[in-house]
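Below: one structure, written as structure tokens.
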Amino acid sequence: MRFDIDRYKEIVDTLARNRSRTLLTGFGIFWGIFMLLIMLGGGNGLKAILSRNFAGFTSNAVIVGSSRTTKPYGGFKRDRYWSLDKTDIEAIKTLVPESDIVTMMDAEWGGAIVYGENSYSGIIKGLTHEYEGVEAPQLMFGRFINEVDCEQERKVCVIGKRVWSNLFPDGEDPTGKYIKVKDSYFQVIGVDSRSGGINISGSSDQSVVIPYQLMNKLYNKGGKFDIICLTAKPGADSEVLQEKIRGLLSRRHTIAPDDKSAIMILDTKKVFTIVDNLFKGVNILVILVGLGTLLAGAIGVSNIMMVTVKERTTEIGIRRAIGATPRMILSQIITESIGLTILAGMLGILFSVLILWAAGSVVSSMPDFSSGISFQIGFWTGILVLLMLVFLGVLAGLAPALRAMNIKPVDAMRDE
Amino acid sequence: MLIELKDVNKTYFGAQPLHVLKGINLGIERGEFVSIMGSSGSGKSTLLNILGILDNYDSGEYRIGGKLIWDLSESKAAEYRNKMIGFIFQSYNLISFKTAVENVELPLFYQGVSRHKRHEMAMEYIERLGLKDWAGHYPNEMSGGQKQRVAISTALVTKPDIILADEPTGALDSKTSVEIMDLLKELNEREKLTIIVVTHESGVANYTNKIIHIKDGVIGQIDENRSHDAMRFGSEGVLK
Ligand SMILES: Nc1ncnc2c1ncn2[C@@H]1O[C@H](COP(=O)(O)OP(=O)(O)OP(=O)(O)O)[C@@H](O)[C@H]1O
Ligand SMILES: [Mg+2]
């Protein structure tokens with residue numbers, strides 16, 4: 001078969017000069033591709049938004065919290081309040097070899113935070129420098145609390161993004177400035193831009209983080225706190241770790257071993273797995289629905305081309321009469337089909353990319369998301385879709401082309 | 001003998017079998033200008049389609065230039081049609097979304113002639129047939145006579161041995177019919193083209209040098225018409 005530009009010009013002419021037929025035929029493919037990519041891109045964007053919520057969190061973190069007992073045990077009635085303390089941390093560190101970082105978290109709600117004229121009511125969190133290993137802060141200014149801050153109980157703080165934007169509305173670097181938290185002054189050493197996410201003791205963008213020891217003293221906590229954050233050693237089984245901690249704490253505090261409400265354990269790995277599976281599911285669904293739409297589009301193209309071929313009996317008969325071989329007709333119809341599918345598909349890709357881009361910039365410009373949320377599809381997804389288009393083109397063109405091939409020149413003469 | 005038919009039979013197997021050609025014996029020399037006449041349904045178009053390798057026959061022998069036309073593959077048939085035969089039909093058979101010159105180029109496209117060359121050749125024939133100003137027009141922008149000239153250009157552009165015309169004036173008024181027949185006559189005289197015209201109009205038949213009558217599926221009378229007076233209406237040109 002000759003492979004020259006002429007053949008393609010012939011196809012382009014045929015498609016271009018029968019515009020409404022071309023439009024009608026291509027729409028199914030356009031729509032299929034458009035929907036598939038919009039859904040894939042939308043899924044990517046959603047995932048990016050959700051992942052942002054977990055950003056910084058170690059995937060093997062375990063959070064343990066103390067809460068009222070719900071079962072009588074060891075001579076105690078139910079509904080008893082209990083708290084954790086420093087000895088629990090040491091006990092975990094020595095008795096549970098699967099644990100890596102073990103650190104406390106304490107929180108005070110509704111503290112007035114003031115800088116100059118501006119004030120904000122946020123959460124005061126007491127943490128140690130070790131907490132950085134559980135949930136990495138995203139610092140837009142300065143640094144996080146370090147070991148020296150904790151040991152010397154320095155009056156320093158890391159403020160959340162929303163606290164910062166309320167106290168420093170001009171957006172300046174607040175490090176080095178002194179802010180008043182409840183009754184004491186703290187020097188700002190950093191701003192954490194994390195927002196949302198797995199919120200332990202309140203959202204981090206509304207928090208002021210100070211060294212735990214300092215908080216314990218300032219607010220007369222008597223060494224008690226409600227939350228221990230820890231991570232599992234690399235390779236350690238998080239389930240085993242959780243079981244050991246539950247056993248240890250229930251012994252130390254005389255709590256029914258099966259009282260899951262009294263010793264609340266949150267395993268981020270589980271959350272991550274759930275979210276991951278959710279997105280795998282969503283992706284599979286999107287791909288199935290998208291492929292279905294695409295296939296329906298291809299069948300549509302095939303159908304319309306079938307009708308078209310019938311309509312074109314005379315044209316094809318004329319071509320045959322003046323010397324086109326059946327193979328030339330076959331390749332013409334298939335090439336037309338491929339051309340049409342690619343044209344329509346490219347338009348579908350173009351439009352969906354534009355819309356995804358618009359969605360991405362709208363979401364990224366929203367105050368709560370900072371920037372960089374992308375709804376875009378990957379380059380290779382694009383290439384794959386393109387290959388699929390060619391394949392679909394051949395598929396869609398096959399039946400009509402075979403039919404066209406069987407048109408005899410006399411059929412055309414008769415069909416008047 | 002350019003065209004030779006020996007006992008050619010053709011039956012259409014429709015709702016009930018119809019034996020249309022019942023043993024056609026016919027010879028046509030190179031350079032002849034003949035017409036085939038017969039009543040409607042007598043099998044003229046059927047015969048012409050067989051001559052043009054557009055359709056198969058059931059038994060007998062059909063030779064072009066000694067070559068037996070039997071059991072050809074579709075692509076071989078297409079090649080023969082493309083190289084040896086030019087068609088002219090009553091309904092012009094032009095492709096509606098192609099301009100006049102593009103229609104004329106099409107047979108050359110299927111021959112693999114380069115774009116530039118085939119445009120040149122197509123324009124040459126378009127101009128020869130007086131359609132220079134219409135080259136870029138689509139068929140629906142042209143009169144019947146103009147369309148038939150485009151069709152004739154298409155038939156001529158591959159320089160075929162044989163021109164087959166099925167009712168070429170069937171859709172034209174008498175004045176235009178005269179022009180078309182004059183054109184065919186001139187082509188036969190100047191280019192020594194073999195031309196076979198199917199018609200049921202005696203005026204049209206009278207233009208040709210030989211009139212072959214077909215009746216009941218066989219060749220009947222063959223009139224020599226060198227003096228163009230075989231038909232009653234001969235001297236008055238084409239009558240409608
Ligand atoms: N494909 C076909 N299937 C069945 N019968 C056919 C077919 N083509 C033609 N016929 C029949 O064969 C007979 C001859 O047809 P043909 O077209 O050759 O006649 P014709 O001489 O050209 O007539 P006209 O002058 O009306 O064009 C007619 O009776 C017609 O109905
Ligand atoms: Mg006929």
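What residue, of B:Ile95, B:Ile126, B:Ile69, is crowded, with 19+ Cβ neighbours inside 10 Å, more than 14 Å from chain A (Cβ to nearest Cβ) and over 22 Å from B:Ile196 (Cβ atoms)?
Numbers: B:Ile95 fails: more than 14 Å from chain A (Cβ to nearest Cβ); B:Ile69 fails: over 22 Å from B:Ile196 (Cβ atoms).
Residue meeting the stated conditions: B:Ile126.
Residue-by-condition table, conditions (1) within 13 Å of chain B (Cβ to nearest Cβ); (2) β-branched (Val, Ile, Thr); (3) touching a residue at least 24 places away in the same chain (Cβ under 8 Å):
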residue	(1), (2), (3)
A:Thr325	yes, yes, no
A:Ser331	yes, no, yes
A:Gly339	no, no, yes
A:Ala358	no, no, no
A:Val362	no, yes, no
A:Phe379	no, no, no
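Filter region B:87-124 for residues that are out of contact with any strand residue (DSSP E or B) (no Cβ under 8 Å at 6 or more places or on another chain) and within 16 Å of ligand 2 (Cβ to nearest atom); which is farthest from B:Thr158 (Cα to Cα)?
Out of the qualifying residues, it is B:Ser91.
Could you list, in sequence order, all residues of region A:270-302 that are of a type outside the set (A, V, I, L, M), more than 30 Å from A:Val394 (Cβ to Cβ) and surrounded by fewer than 18 Cβ atoms within 10 Å (Cβ to Cβ)?
A:Lys270, A:Thr273, A:Asp276, A:Asn277, A:Phe279, A:Lys280, A:Gly281
Among the numbered criteria (1) buried (at least 16 other Cβ atoms within 10 Å of the Cβ); (2) touching a helix residue (DSSP H, G or I) at 6+ places or on another chain (Cβ under 9 Å); (3) not acidic (Asp, Glu), which single criterion is violated by A:Leu266?
Condition (2) is where A:Leu266 drops out.
Just to be sure, is A:Val309 assigned to a helix (DSSP H, G or I), within 14 Å of A:Asp411 (Cβ to Cβ) and more than 10 Å from chain B (Cβ to nearest Cβ)?
Considered against the rule, which asks whether it is assigned to a helix (DSSP H, G or I), within 14 Å of A:Asp411 (Cβ to Cβ) and more than 10 Å from chain B (Cβ to nearest Cβ), A:Val309 comes out as yes.
What number of residues in region B:73-90 are assigned to a loop (DSSP other than H, G, I, E, B) and under 12 Å from the mean Cα position of the chain (by Cα)?
1
Here's a check for you: in region B:26-60, which residue that is at positive phi and away from ligand 2 (no atom under 16 Å from the Cβ) is surrounded by the most Cβ atoms within 10 Å (Cβ to Cβ)?
B:Ile53
Search region B:188-205 for residues being in a loop (DSSP other than H, G, I, E, B) and more than 16 Å from ligand 2 (Cβ to nearest atom), and hand back the single one that is surrounded by the most Cβ atoms within 10 Å (Cβ to Cβ).
So the residue we want is B:Leu193.
Among the listed residues A:Tyr212, A:Tyr185, which satisfies the condition of being of a type in the set (Phe, Trp, Tyr) and touching a Gly at 6+ places or on another chain (Cβ under 8 Å)? Step through it out loud before you land on a result.
Details: A:Tyr185 fails: touching a Gly at 6+ places or on another chain (Cβ under 8 Å).
Just a single option satisfies the conditions, and that option is A:Tyr212.
Each row is one residue, and each column tells you yes or no for (1) within 30 Å of A:Thr308 (Cβ to Cβ); (2) touching a helix residue (DSSP H, G or I) at 6+ places or on another chain (Cβ under 7 Å); (3) assigned by TED's automatic domain parsing to the domain that holds A:Met366; (4) buried (at least 19 other Cβ atoms within 10 Å of the Cβ).
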residue	(1), (2), (3), (4)
A:Ala16	yes, no, yes, no
A:Arg19	yes, no, yes, no
A:Phe30	yes, yes, yes, yes
A:Leu37	yes, yes, yes, yes
A:Asn60	no, yes, no, yes
A:Gly74	no, no, no, no
A:Lys77	no, no, no, no
A:Arg80	no, no, no, no
A:Glu90	no, no, no, no
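Which of the residues belonging to region B:4-19 are within 23 Å of B:Ile163 (Cα to Cα) and either within 14 Å of chain A (Cβ to nearest Cβ) or within 9 Å of ligand 1 (Cβ to nearest atom) (or both)?
The answer is B:Lys10, and nothing else.
Residue check, A:Lys310 against (1) within 18 Å of A:Asn406 (Cβ to Cβ); (2) surrounded by fewer than 18 Cβ atoms within 10 Å (Cβ to Cβ); (3) at pLDDT 90 or above, all met but one. Which one?
Evaluating A:Lys310 over (1) within 18 Å of A:Asn406 (Cβ to Cβ); (2) surrounded by fewer than 18 Cβ atoms within 10 Å (Cβ to Cβ); (3) at pLDDT 90 or above leaves (3) as the failure.
Hey, among B:Lys175, B:Lys215, which residue is within 16 Å of ligand 1 (Cβ to nearest atom) and among the basic types (Lys, Arg)?
Residue meeting the stated conditions: B:Lys215.
Scanning for something within 16 Å of ligand 2 (Cβ to nearest atom), surrounded by fewer than 16 Cβ atoms within 10 Å (Cβ to Cβ) and either of a type outside the set (Phe, Trp, Tyr) or assigned to a loop (DSSP other than H, G, I, E, B) (or both), does region B:206-215 turn up at least one residue?
Yes, some residue in region B:206-215 is within 16 Å of ligand 2 (Cβ to nearest atom), surrounded by fewer than 16 Cβ atoms within 10 Å (Cβ to Cβ) and either of a type outside the set (Phe, Trp, Tyr) or assigned to a loop (DSSP other than H, G, I, E, B) (or both).
Condition test on B:Val218, is it within 16 Å of ligand 2 (Cβ to nearest atom) and either within 14 Å of chain A (Cβ to nearest Cβ) or aliphatic (A, V, I, L, M) (or both)?
So B:Val218 does not fit the description; no.
Looking at B:Lys117, B:Lys185, can you tell me which residue is more than 19 Å from A:Ile316 (Cα to Cα), away from chain A (no Cβ under 14 Å) and part of a helix (DSSP H, G or I)?
Being more than 19 Å from A:Ile316 (Cα to Cα), away from chain A (no Cβ under 14 Å) and part of a helix (DSSP H, G or I) holds for just one of B:Lys117, B:Lys185, which is B:Lys185.
Of the residues that sit in region B:20-49 and are near ligand 1 (Cβ under 10 Å from one of its atoms) and without any contact (Cβ under 8 Å) to a residue 60 or more places away in the chain, which one is nearest to B:Met84 (Cα to Cα)?
Only one residue fits best here, namely B:Asn49.
I need a count of the residues in region B:185-203 that are β-branched (Val, Ile, Thr) and either within 16 Å of ligand 1 (Cβ to nearest atom) or more than 16 Å from B:Ile162 (Cβ to Cβ) (or both).
Number of matching residues: 4.
The values are calculated or read from the model by the stated rules, or taken from the named source; none is laboratory data. Just so we're clear, the structure is a prediction, and the values are computed from it rather than from any experiment. Cβ coordinates were reconstructed from backbone atoms using ideal geometry, including for glycine residues, and neighbour counts include every protein chain displayed.
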